[in-house]
């Protein structure tokens, strides 16, 4: 008799890989098209962002990066295609989403404490249902936990107007996280922060992805501080979008095809990637509010 075939014992890593492949992506769009009046902002946008990934939406000024977030929230109507978020049509899973809009700096006249800013995230007046028993001990514990997660415990009792821009932004992110979302959407959270704070916030967001399993999609105008932390990039230009890993997307070949014009990606001595020859001839990080 011949030898019996040996059975292969499946390790936990292999099980995780198989299960992961069976899960739907956190965000899936197919052929999405958005119009502003008679103008087609972009079309044919196909995205697959896995659960627990840290993705950035990049591109030149005015291409509709923030609009893409609004599509995912169900706040922007699509002219064609479909957008699925957390396994549901966009707009139906808002109670499972944390959202940080383009930030406004709190000036020194704002005397509300940082803790109270975070507690506002439990009200659910805009994003989903009210938090059950939000004045309870469980609610207070949720606030304490998320403040500790973003590293703001040492200053959360101070008036928010007395805090630095980086400290304020950590508290705003905590506000979006306090109800335990599965998806976190951030619209230019690094704007007006210095380089050190940009890197610190990017590292914080990556840790949230890893520790909490939260999928994060961030609109950014400067790729350099966040590039080491990203799993995926969505680059929008010329009415189209491409997505993939940073090294797949931010290349001479990919961006030239996206712009429909010669574009060269150079690597500076300090590691920055610089885009040359596009319609704006900018660095990758040359994007402002749309």
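The values are calculated or read from the model by the stated rules, or taken from the named source; none is laboratory data. Everything numeric in this text was worked out from a predicted model, so none of it was measured. Glycine also receives a Cβ, built like all others from the backbone with ideal geometry; neighbour counts cover every protein chain displayed.
Each residue in region 15-49 was checked for being at pLDDT 95 or above and assigned to a loop (DSSP other than H, G, I, E, B), and 1 of them qualify. The selection criterion, being at pLDDT 85 or above, surrounded by fewer than 20 Cβ atoms within 10 Å (Cβ to Cβ), under 24 Å from residue 166 (Cβ atoms) and in contact with a strand residue (DSSP E or B) (Cβ under 9 Å, 6 or more places away or on another chain), does not hold for residue 211.
For region 182-203, a tally of residues being surrounded by fewer than 20 Cβ atoms within 10 Å (Cβ to Cβ) and closer than 20 Å to residue 97 by Cβ returns 1. In region 217-226, which residue that is touching a helix residue (DSSP H, G or I) at 6+ places or on another chain (Cβ under 6 Å) and closer than 19 Å to residue 274 by Cβ is modelled with the highest pLDDT? If we take residues in region 217-226 being touching a helix residue (DSSP H, G or I) at 6+ places or on another chain (Cβ under 6 Å) and closer than 19 Å to residue 274 by Cβ, then 226 is modelled with the highest pLDDT.
Can you name the residue in region 77-93 that is surrounded by 19 or more Cβ atoms within 10 Å (Cβ to Cβ) and modelled with pLDDT of 95 or more and, of all such residues, is farthest from residue 239 (Cα to Cα)? Ranking the candidates gives 86 first.
One residue stands out among those in region 118-142 that are within 14 Å of residue 98 (Cβ to Cβ) and in a helix (DSSP H, G or I): the one that is modelled with the lowest pLDDT, which is 122. Working only within region 153-162, note down all residues that are in a loop (DSSP other than H, G, I, E, B) and surrounded by fewer than 23 Cβ atoms within 10 Å (Cβ to Cβ). 153, 154, 155, 157, 158 - these are the residues of region 153-162 that are in a loop (DSSP other than H, G, I, E, B) and surrounded by fewer than 23 Cβ atoms within 10 Å (Cβ to Cβ). I'm trying to understand the selection: among the residues of region 34-50, which are surrounded by fewer than 18 Cβ atoms within 10 Å (Cβ to Cβ) and under 24 Å from residue 95 (Cβ atoms)? Once the filter is applied, which keeps residues that are surrounded by fewer than 18 Cβ atoms within 10 Å (Cβ to Cβ) and under 24 Å from residue 95 (Cβ atoms), region 34-50 yields 48, 50.
Of the helices (runs of 4 or more DSSP H) lying entirely inside region 171-279, those carrying at least 3 residues that are under 14 Å from the mean Cα position of the chain (by Cα) and not assigned by TED's automatic domain parsing to the domain that holds residue 62 are 195-212. For residue 263, the criteria (1) modelled with pLDDT under 85; (2) closer than 17 Å to residue 51 by Cβ hold in every case but one, which is (2).
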